[in-house]
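Data block below; observations after.
Please treat every number below as a calculation from the coordinates, not as lab data. Computed from a predicted structure; not experimentally measured. Positions of Cβ are generated from backbone atoms using ideal geometry, with glycine treated the same way; all protein chains shown enter the neighbour counts.
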Amino acid sequence: MIARAADPRNHVVDYPASDGEPVGETEVHVEEILSLIGVLKLRYRDVSDVYAGGNMLFYYEEGNPAARFSPDVFVALGVPKRLRRVYKIWEERRAPAFVLEVSSRGTWLEDAGNKKALCARLGVQEYFLFDPEGDYLEPPLQGHRLEAGDYGRIAAQPDGAVRSEALGLLLSVVRLPDRLRLRCTDAKTGERLLRYDEEPDARRDAEERAKAAEAEVERLRRLLASRGG
């Protein structure tokens, strides 16, 4: 339930756009947050009523700037795609459908406790937690879906992926030598959504496949020509 209190007459309430906190606790956390925001922005870039973002202050009580939180990553469905300084739930008239917190040593207890409970109260459909260091959450990727006003754990698939029904995505963990990485795949098509640091490799692989295909066509053309075909 979203609280709404009338502002005193002729009094302008300031809703700051920053809380002075860093984007993430370490470079690993910053990279995961920014990469996932980029993936989701690209996925919904042509959808006019879906807004993807992160590290933005959400205010949920009109007239009370202290009633706020800042999700690492979120997607709001049914709201205009426009630049925002802050997100005021009473103006947007809906909470985000999806929130993901990249948990760390300093945040995982808050992420799994108070922030999760607040998102349930505000009506966030899905609440995900990801621990890129693999030190604080077991398993390191956890998904929760709102059911009758409370969150129930989303069962992982046999390969460990967790499905977001709100976004139509499968979220899975990729193990690197020094950390864990989150991967997003379209649940319907099986297409992997590339992160910004994966795009150069993907382009190079596509170019190499195209060159190999061209070389094979040329080989077959010469073979036919040598046979008088």
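Assorted remarks:
- Packing, as the average of other Cβ atoms within 10 Å across residues, places the peptides 110-119, 175-184 in the order 110-119, 175-184, highest first.
- 3J(HN,Hα) along segment 59-72, derived from phi through the Karplus expression 6.51 cos²θ - 1.76 cosθ + 1.60 where θ = phi - 60°, amounts to 9, 10, 9, 4, x, 10, x, 6, 8, 8, 8, 10, x, 5 Hz, with x in place of Gly and Pro.
- Potential extension, Asp135-Asp178 segment - 0.36 nm per residue separation minus Cα distance: 14.3 nm
- Packing, taken as the mean count of other beta carbons within 10 Å per residue, orders the peptides 163-173, 76-86 from highest to lowest as 163-173, 76-86.
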